[in-house]
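S.K.: Dumping the structure here so I can ask a few things about it.
Values quoted throughout were computed directly from the atomic coordinates according to the rules given, and no laboratory measurement underlies them. Since the model is a prediction, treat every value here as computed from it, not as a measurement. Counting neighbours? That spans all protein chains shown, and the Cβs are built from the backbone with ideal geometry, glycine included.
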Amino acid sequence: MKEKLIRFMQGRYGVDTFSKFLLIMGLVVVLISSIFSGKTFGIIFYILGWILIIYCYFRMFSKNVTKRYAENQAFLAKTGGIRGFFKNQKAMWKQRKTHHIYKCPSCGQKIRIPKGKGKIEVCCPKCSTTFIKKS
Ligand SMILES: [Zn+2]
C-alpha cells in the first residue's frame, strides 16, 4: 500500500505552503458556508471552499513541478509581509515573559531588554540616544 502511494506520488509536486494555505482556506470557507446554509450566499461559499480544496489537491498531484513551484514562490512573495508580521507577533509573545520591548523615545526603534535587572540605562542601537528604563 505504502509502496503504491510512493510510486503514485513519484514525479508529482506534493505539498507546499501555498497548498496548505489553500486547504485551510477551503475548509474555513466551507465551515462558514454551513453557517449560512439555505441561503444563496451559503451555496456560493460552499462551492468556493470546495474549489480551493480541489485546487490544493490538483497542485499536490500535479506533474508540472516548475509551474507549481513558481506559483508557490509568487504566493510566498505576496504574503511575505503578512507572514513576517505574524512571526514577529509570535516571537514577541514568547519573549514577553523574559524581556521588555521598549521603543526608543527619539527614533521609535524597538529595543529588547531582559527583565529583572532593575533600573538600567538603555542605549538605542540606531541613534545612540540613552534613556533610563525599569527592566
Ligand atoms: Zn533611537
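S.K.: Could you work out the local net charge near Gln10, counting Lys and Arg as +1, Asp and Glu as -1, over the other residues with Cβ closer than 12 Å to its Cβ?
M.R.: Numbers: positive: Lys4, Arg7, Arg12, Lys63; negative: Glu3.
Once positives and negatives cancel, what remains is +3.
S.K.: Could you check the spin-label model distance between Ile43 and Lys134? Points 7 Å from the Cα along Cα→Cβ, value in nm.
M.R.: Placing both labels 7 Å along Cα→Cβ, they lie 6.3 nm apart.
S.K.: In this model, which of Lys97/Lys126; Lys103/Lys126; Lys103/Lys134; Lys90/Lys110; Lys97/Lys133; Lys63/Lys87 are farther than 23 Å apart at the alpha-carbon? The partial results should precede the final answer.
M.R.: Details: Lys97/Lys126 25 Å; Lys103/Lys126 11 Å; Lys103/Lys134 13 Å; Lys90/Lys110 16 Å; Lys97/Lys133 17 Å; Lys63/Lys87 32 Å.
Cα-Cα > 23 Å for Lys97/Lys126; Lys63/Lys87; rest within.
S.K.: Additional query: Filter the chain for me: DSSP H helices, axial length by Cα at least 27 angstrom, mean Kyte-Doolittle hydropathy not below 1.6. List them by residue number. Walk me through the numbers before you get to the answer.
M.R.: On the way: long enough: 17-35 (28 Å, 2.18); 40-60 (30 Å, 1.74); 65-95 (39 Å, -0.78).
Result, helices passing both filters: 17-35, 40-60.
S.K.: Another question, then. Using alpha carbons only, what's the Rg to Rh ratio of the range 40-113 with Rh from Kirkwood?
M.R.: Numbers: Rg = 20.3 Å, Rh = 16.4 Å.
With Rh from the inverse mean 1/r over Cα pairs, Rg/Rh is 1.24.
S.K.: To the nearest 20 debye, what charge dipole does the chain have about its Cα centre, counting +1 at the Cβ of each Lys and Arg and -1 at the Cβ of each Asp and Glu? Display every interim value, and only then the final one.
M.R.: On the way: 26 positive and 4 negative charges, 142 e Å.
So the magnitude is around 680 debye.
S.K.: What residues qualify as long-range amide H neighbours of His99, i.e. H under 5 Å apart, gap of 5 or more or another chain, H built at 1.01 Å from N?
M.R.: So His99 has HN proximity to Lys115.
S.K.: Short version: what are the Cα gyration tensor semi-axes of the chain, square root of 5 times each eigenvalue, largest first, in whole Å?
M.R.: Working: eigenvalues 424, 94, 42 Å².
Equivalent-ellipsoid dimensions as semi-axes: 46, 22, 15 Å.
S.K.: What is the sum of charges around Ile120, taking Lys and Arg as +1, Asp and Glu as -1, for the other residues whose C-beta is under 9 Å from the C-beta of Ile120? Provide the component values of the computation, followed by the final result.
M.R.: On the way: positive: Lys117, Lys119, Lys133, Lys134; negative: Glu121.
With Lys, Arg at +1 and Asp, Glu at -1, the neighbours total +3.
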